[in-house]
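Just below is one structure, and these are the notes that go with it.
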Amino acid sequence: MNKPLRIGHRGAAGHVLENTLDSIEKAIELRVDYVEIDLRLTRDGHVVVLHDATIDRTTNGHGRIKDLTLAQLKRIKTKDGQHVPTLEEVLKVTDGRVGLMLELKIRGRAKAVTEIVEQSGFSSPVIYASFHHKELARVRQCLSSAKIMPLISHGQIAHGIPAKLSADHVGIRFDRVVKEVVESLHAAGVRVFVFTVNGADDIARMRDIGADGIISDMPADFRMNGTDMTWEMEDGMRQV
Ligand code: G3P
Ligand code: CA
């Protein structure tokens with residue numbers, strides 16, 4: 001049976017407010033292999049975990065993250081009373097417990113992000129993902145051993161994209177993926193992750209067409225009857 005990696009999207013966004021420490025803890029509690037988080041930058045150059053360009057949707061504050069300093073951001077509560085974590089905080093609390101899929105939402109910070117990860121001594125697996133494919137090329141320049149994953153949500157599923165980046169992973173919106181796509185990418189040596197897959201039926205379908213990683217807001221669904229994705233992690237967590 002295909003045993004894809006189980007990845008909690010933005011932590012476990014369907015269970016606890018996205019991109020927060022509690023959401024990440026929830027995903028770990030639900031025994032995901034990886035947690036996906038989004039990375040952005042504050043005005044004073046700190047890498048923080050936030051999906052949107054503004055803090056309006058997920059916090060009680062408002063404004064663009066790039067206009068706020070970290071000190072200002074620390075005074076703002078998320079809508080469930082937490083705070084917007086820094087990348088360093090996430091590395092510290094997840095080390096040795098779960099892999100991280102780091103989505104670079106911003107351009108021009110590959111060096112800073114890879115340095116933070118490397119200097120933290122983080123020992124679990126890391127995948128650098130982005131829709132900004134050139135930024136992933138910069139990640140590779142900064143860290144030759146980096147695992148990179150170009151993300152594709154529309155347009156042609158071009159096999160040339162992972163090939164051009166020497167990427168051995170690609171992330172594709174799940175409703176664009178059929179078995180033939182997975183098979184031809186596999187034939188080219190590329191592993192296929194799919195996002196964002198919610199509900200046991202779609203999770204099972206993605207598993208059955210051979211997806212190598214399934215990214216879901218609802219990691220509890222990996223454990224529902226019918227998805228059959230309840231195997232234990234090997235050696236604490238599974239490598240990519
Ligand atoms: O893993 C890819 C997925 O997270 C990309 O979409 O908008 O949820 O960041 P988004
Ligand atoms: Ca994301």
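The numbers here are math on the coordinates, done by the rules we state, and not lab data. Predicted, not measured: the structure shown is a model, and the values here were computed from it. All Cβ positions, even for glycine, are placed from backbone atoms using ideal geometry, and neighbour counts span all protein chains on display.
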Practice task
Straight distance only, please: which lysines reach the Cα of Lys179 with their own Cα at less than 18 Å, same-chain residues fewer than 8 apart left out?
Solution key: Lys3
Exercise for the section: At q = 0.19, 0.20 Å⁻¹, work out log10 I(q)/I(0) for region 54-96 with the Debye formula, treating every Cα as an identical point scatterer and leaving solvent out; two decimals please. Expected result: -0.59, -0.64
Handout entry: Potential extension, Asn198-Leu70 segment - 0.36 nm per residue separation minus Cα distance
Key = 42.8 nm
Problem - Spatially proximal lysines relative to Lys164 (Cα-Cα < 22 Å; intrachain offsets below 8 disregarded) - result: Lys105, Lys111, Lys134, Lys147
Handout entry: Cβ crowding within 10 Å averaged over residues, with 207-215, 161-169, 8-16 ranked highest first
Key = 8-16, 207-215, 161-169
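May I ask for the Rg/Rh ratio of region 20-70, computed from Cα atoms with Rh as the Kirkwood radius, given to two decimals? Present the calculation step by step, with values, prior to reporting the outcome.
On the way: Rg = 12.6 Å, Rh = 12.0 Å.
Rg/Rh for region 20-70 comes to 1.05.
Could you compute the net charge surrounding Pro162? Neighbours are other residues with a C-beta less than 11 Å from the C-beta of Pro162; K and R count +1, D and E count -1.
Net charge around Pro162: +1.
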Fill in the blank from the handout: Rg/Rh over Cα atoms for region 1-136, Kirkwood Rh, comes to 0.95
Practice task
Could you pull out every one of the lysines with an alpha carbon less than 18 Å from that of Lys92, ignoring same-chain neighbours closer than 8 positions?
Solution key: Lys26, Lys74
Fill in the blank from the handout: Of Ile76, Ile152, Ile24, the most mobile residue in a GNM of the chain (C-alpha springs, cutoff 10 Å) is Ile76
Exercise for the section: Determine which residues of region 192-207 fall in the zone a paramagnetic label at Ser153 would reach in this model, i.e. backbone nitrogen under 19 Å from the point 7 Å along Cα→Cβ. Expected result: 193-199
Exercise for the section: Enumerate the whole-percent occupancy of each 10 Å bin, from 0 to the last occupied one, for all C-alpha pair distances of region 83-217. Expected result: 12, 40, 35, 13, 0
Practice task
Calculate the tail of P(r) for the chain: the fraction of all Cα-Cα distances greater than 32 Å, expressed in %.
Solution key: 16 percent
Problem - Spin-label model distance (nm) - Lys77 vs Ser123, 7 Å beyond Cα toward Cβ - result: 3.7 nm
Practice task
Would you please give the residues with an amide H less than 5 Å from that of Leu30, counting only those at least 5 places away or on a separate chain, with H modeled from the backbone geometry?
Solution key: none
Handout entry: Relative compactness, region 122-194, computed as alpha-carbon Rg over 2.2 N^0.38 Å
Key = 1.07
Exercise for the section: Find the relative contact order for the chain and round it to a whole percent, using C-alpha pairs within less than 8 Å whose residues are 6+ positions apart. Expected result: 20 percent
